[in-house]
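Please read the structure below before turning to the comments.
Derivation of every value follows stated rules applied to the coordinates shown; laboratory data play no part. Given the structure is predicted, the values throughout are model-derived calculations rather than measurements. In this analysis, Cβ positions are derived from the backbone assuming ideal geometry, glycine residues included, and neighbour counts consider all displayed protein chains.
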Amino acid sequence: MNTRTVIAGTGSYLPEKVLTNFDLEKMIDTSADWILSRTGIRERHLASPEEATSDLATKAGRAALDMAGVDPADLDLIIVATLTPDHYFPSTAGFVQRNLGAGKAAAFDLEAACTGFIYALTVGDLFIKTGTYQKVLVIGAEVLSKFLDWEDRDTCILFGDGAGAAVLVPGDDSERGIISTHLHSDGSMAELLYVPAGVSRMPISKEAIDQKLNTLKMRGHEVFKVAVTRLSEVVDEVMEANGLGEEDIDFLVPHQANLRIIQATARKLKLPMEKVIVTVDIHGNTSAASVPLALDAAVRSKRINKGDMVLLEAFGGGLTWGAALVRW
Ligand code: UT7
């Protein structure tokens, strides 16, 4: 049980189409400056009408497999974290398995909204630690743009589409790899951030569509306050559980929802912003894809290197929140 799970490769994919804050100014009652100053977002990517979540997930997964040097045929398990699946069923992970030609892999989806990647990483880590599987592909992927009310300025300016992935394998020493993971949820505040209609609570109907109840609703200000508190708590939990001080953290890879939330968490950790990976400006809030998108950007630009202590964290619908500590 000494072997740790190592992230052997990362990958990501952003759809081609870019929607800037200036584009949004022309669509709704907002301003590019308001969006940038309140959220840190400059632009977001949108899937094409033909692109579904599994298409984005497949591209990110393939990039991660290439970096890891892992043949898809050797994968044991694929987990896709998403709140915007291709279909209610079967799973998005099944389509990714088909696209990749990962014939022997088990595949399932995991839904923990924006914390989905941290949850999926935790599950993948446990499958490896127990010796059940040797090669696990974990993906966070979303096509949120198709679940937004494009007339609601409270929400449509915030979100974007994308996918990020990581390949997990057993490490060959006890130093590198996933050190600890920490998951939390609080269902009492579920309706702060959700899609009211479309599944069993309120099946899709003409009335639901007329009222746009099949689109994402968020009480942003309340979510913001809970996010800052819970993220501070969970980073404290990671530090305490591992006997670490802020000087031990080389990089924070936060959920990319709002730059102000990211800055608040960094302040709490007493981390200078140079040690914080920020990509929210170029893709907005991509929910489960945001942490692996930021992680992949930092790995490919060689900001994160072997031996670095990396803290990942996320917060989102559920409500859910969590963190993972990784020695890169
Ligand atoms: O990923 C899951 C977790 N999600 C999050 O973490 C998101 C959390 N929430 C947020 O990021 C922020 O709450 C928002 C960016 C959504 C909003 O920022 P805020 O500082 O909390 O603003 P607010 O909702 O309190 O609204 C401030 C003002 C309001 O006007 P009044 O009442 O002060 O006159 C809004 O009507 O800003 C107005 N406003 C806008 N103005 C221009 C709200 N949306 C917009 C907009 N453009 N798009």
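Listing for the model above:
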{"item": "Binned Cα-Cα distance frequencies in the stretch 55-105 - 5 Å width, integer %", "result": "4, 22, 34, 24, 11, 4, 0"}
{"item": "Theoretical ellipticity at 222 nm over the chain - DSSP helices of four or more residues, -39500 (n - 2.57) apiece, nearest 500", "result": "-10000 deg cm²/dmol"}
{"item": "Those aspartates and glutamates that a straight Cα-Cα span of less than 13 Å connects to Lys212, excepting residues fewer than 8 apart in one chain", "result": "Asp149, Glu151, Asp152"}
{"item": "Antiparallel %, DSSP beta bridges [both residues in the chain], to 5", "result": "70 percent"}
{"item": "Nonlocal amide H pairs with Gly318, under 5 Å, H built at 1.01 Å", "result": "Leu193"}
{"item": "Distance violations [Cα-Cα > 24 Å] among Lys225/Lys270; Lys135/Lys270; Lys59/Lys135; Lys59/Lys270", "result": "Lys135/Lys270; Lys59/Lys270"}
{"item": "Inter-site label distance for Thr132 and His184 at 7 Å from Cα along Cβ, in nm", "result": "2.6 nm"}
{"item": "Cut-off under 5 Å, modelled amide H: who pairs with Leu77 long-range", "result": "Ala106, Lys135, Leu137"}
{"item": "DSSP beta bridges in the stretch 5-170 [antiparallel fraction, %, rounded to 5]", "result": "65 percent"}
{"item": "Packing-based exposure ordering (other Cβ within 10 Å, fewest first) of Trp321, Trp150", "result": "Trp150, Trp321"}
{"item": "Burial ordering of His184, His87, fewest other beta-carbon atoms within 10 Å first", "result": "His87, His184"}
{"item": "Distance-filtered residues of the stretch 284-328 - backbone nitrogen under 17 Å, label point 7 angstrom along Glu175 Cα→Cβ", "result": "305-310, 326-328"}
{"item": "R0 of 51 Å, Cβ-Cβ distance Thr3-Tyr88: FRET efficiency to nearest 0.05", "result": "0.85"}
{"item": "Normalised contact order of the chain, rounded percent, pairs of Cα under 8 Å and 6 or more residues apart", "result": "26 percent"}
{"item": "Modelled FRET efficiency - R0 30 Å, Thr20 with His221, Cβ distances, 0.05 increments", "result": "0.75"}
{"item": "In order through the stretch 60-75: 3J(HN,Hα) via Karplus (6.51 cos²θ - 1.76 cosθ + 1.60), integer Hz, x for Gly, Pro", "result": "5, x, 4, 5, 5, 5, 4, 4, 6, x, 10, 7, x, 5, 8, 5"}
{"item": "Over the stretch 5-170, volume per residue of the alpha carbon convex hull, in Å³", "result": "110 Å³"}
{"item": "Projected-area mean, the stretch 120-247, by convex hull of Cα positions, square nanometres", "result": "11.1 nm²"}
{"item": "Residue order, fewest to most surrounding Cβ atoms within 10 angstrom, among Cys114, Cys156", "result": "Cys156, Cys114"}
{"item": "Over the stretch 177-327, relative contact order from alpha-carbon pairs under 8 Å, at least 6 apart, %", "result": "36 percent"}
{"item": "Ser205-Glu247 pseudo-label distance in nm [points 7 Å out on the Cα-to-Cβ vector]", "result": "6.3 nm"}
{"item": "Backbone N within the stretch 203-221 under 17 Å of label point (7 Å from Phe147 Cα along the Cβ vector)", "result": "203-205, 209, 212-220"}
{"item": "Whole-Å distance, taken between Cα centres, linking the stretch 285-315 and the stretch 225-277", "result": "13 Å"}
{"item": "Estimated translational D of the chain in µm²/s (Stokes, Kirkwood radius over Cα pairs; 25 °C; 0.890 mPa s)", "result": "125 µm²/s"}
{"item": "With 10 Å bins from 0: P(r) over the stretch 182-328, alpha-carbon pairs, percent", "result": "11, 38, 30, 14, 6, 1"}
{"item": "Estimated FRET transfer efficiency (Tyr194, Met273; beta-carbon r; R0 35 Å; 0.05)", "result": "0.65"}
